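K.L.:
If you scroll down you'll find the structure; I have some questions about it.
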Amino acid sequence: MALKRTGQLSFAEAFQSASVGRPGRLDRLSALVCWERFERLLTGLRDPGPGRGGYAPVLMFRALLLQSLYGLSDPEIEEALGDRLSFRRFVGLSLDDDTPDHTTLCRFRLRLIEAGLLERLFAELDRQLEAAGVMVKRGTMLDATLIETQAARRSRGDKPAADPDARFARRQGKGGARFGYKAHVGVDQGSGLIRAVVTTPANVN
């Protein structure tokens, strides 16, 4: 499958004021990382078949990284990619580029999990940031983020129509239950950067 061409500056962006969307911590993080190594790890996820062009796997991984950093659900990261300049710049999208929707992001995450790549990717990120002197290693803080899937909203009766690996979980102090997955995130307390991520069904503690 051909890849979408993304990241080409629009006419407006070319003349954009330097004060708008000025470089921040995401730009500094992006500059520290050798993304070519992630492209090599993700090469096997490219679909060689015919069809409409898909997003580059490394772009999708960058979106999942943002999702983990900011604790966003699939619909929330889709919305953030649509209106936050820093997020678009980090993943490699120009103002004119379409953004991946929440179902595309969900399918990509499932493919990473099935291929056993999610932990390898975050381990590579950890290695690179530690080599750059970013990981302070003052201790690891554990956090769990619920990632809601849209499958429950399309369910009939008690059985979801899709996403059979997802489960229901309740959030402490909040009413109702979320259907999806849980990202167990190990965060370096010194730098605030992710050291490891393990994804499970939402009902796993």
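The values are calculated or read from the model by the stated rules, or taken from the named source; none is laboratory data. Computed from a prediction, not measured in an experiment: that's the story for all the values here. Ideal geometry is used to build each Cβ from the backbone, glycine not excepted, and the neighbour counts take in all protein chains shown. To get the accessible areas, we keep the full protein, side chains included, count just its heavy atoms, and leave off ligands, DNA and RNA. Shrake-Rupley method; radii C 1.70, N 1.55, O 1.52, S 1.80 Å.
K.L.:
When the range 116-133 is examined, which residues are found to be under 25 Å from E76 (Cβ atoms) and open to solvent by 50 Å² or more (accessible area, probe 1.4 Å)?
P.N.:
E119 - this is the single residue of the range 116-133 that is under 25 Å from E76 (Cβ atoms) and open to solvent by 50 Å² or more (accessible area, probe 1.4 Å).
K.L.:
Moving to a separate point now. Within the range 92-115, track down each residue that is outside any helix (DSSP H, G or I), under 27 Å from P201 (Cβ atoms) and open to solvent by 50 Å² or more (accessible area, probe 1.4 Å).
P.N.:
D101, A115
K.L.:
A further question follows. Going by the structure shown, is R84 more than 17 Å from A202 (Cα to Cα), under 16 Å from the mean Cα position of the chain (by Cα), surrounded by 18 or more Cβ atoms within 10 Å (Cβ to Cβ) and modelled with pLDDT of 90 or more?
P.N.:
The answer is no for R84.
K.L.:
Out of curiosity, is R89 part of a helix (DSSP H, G or I), open to solvent by 60 Å² or more (accessible area, probe 1.4 Å), of a type outside the set (G, A, S) and modelled with pLDDT of 90 or more? So that I can check it myself, show each step before the final result.
P.N.:
Details: part of a helix (DSSP H, G or I): yes; open to solvent by 60 Å² or more (accessible area, probe 1.4 Å): yes; of a type outside the set (G, A, S): yes; modelled with pLDDT of 90 or more: yes.
When the stated conditions are applied, R89 passes them.
K.L.:
Kindly indicate whether R178 is among the basic types (K, R), under 18 Å from Q67 (Cα atoms) and at pLDDT 80 or above.
P.N.:
So R178 fails the test.
K.L.:
May I ask you to verify whether I77 is open to solvent by less than 40 Å² (accessible area, probe 1.4 Å), closer than 25 Å to F179 by Cβ, of a type in the set (V, I, T) and part of a helix (DSSP H, G or I)?
P.N.:
In short, yes.
K.L.:
Testing T199 on (1) of a type outside the set (G, A, S); (2) in contact with a strand residue (DSSP E or B) (Cβ under 6 Å, 6 or more places away or on another chain); (3) modelled with pLDDT of 80 or more, one condition comes back false. Which one is that?
P.N.:
Only one criterion is unmet by T199, namely (3).
K.L.:
Being under 21 Å from Y181 (Cα atoms), surrounded by 12 or more Cβ atoms within 10 Å (Cβ to Cβ) and at pLDDT below 85: is that true of G71 here?
P.N.:
yes
K.L.:
Any residue in the range 152-169 that is modelled with pLDDT of 70 or more, open to solvent by less than 60 Å² (accessible area, probe 1.4 Å) and either in contact with an Asp or Glu (Cβ under 7 Å, 6 or more places away or on another chain) or β-branched (V, I, T) (or both)? Full working, then the answer.
P.N.:
Taking the range 152-169 first, the residues modelled with pLDDT of 70 or more are 163-169.
Cutting the leftovers down to open to solvent by less than 60 Å² (accessible area, probe 1.4 Å) gives us 163, 166, 169.
If we keep only those that are either in contact with an Asp or Glu (Cβ under 7 Å, 6 or more places away or on another chain) or β-branched (V, I, T) (or both) too, we end up with none.
No, there is no match, as no residue in the range 152-169 is modelled with pLDDT of 70 or more, open to solvent by less than 60 Å² (accessible area, probe 1.4 Å) and either in contact with an Asp or Glu (Cβ under 7 Å, 6 or more places away or on another chain) or β-branched (V, I, T) (or both).
K.L.:
If you check G54 against the conditions, is it crowded, with 17+ Cβ neighbours inside 10 Å, farther than 15 Å from L29 by Cβ and in contact with a helix residue (DSSP H, G or I) (Cβ under 9 Å, 6 or more places away or on another chain)?
P.N.:
In short, yes.
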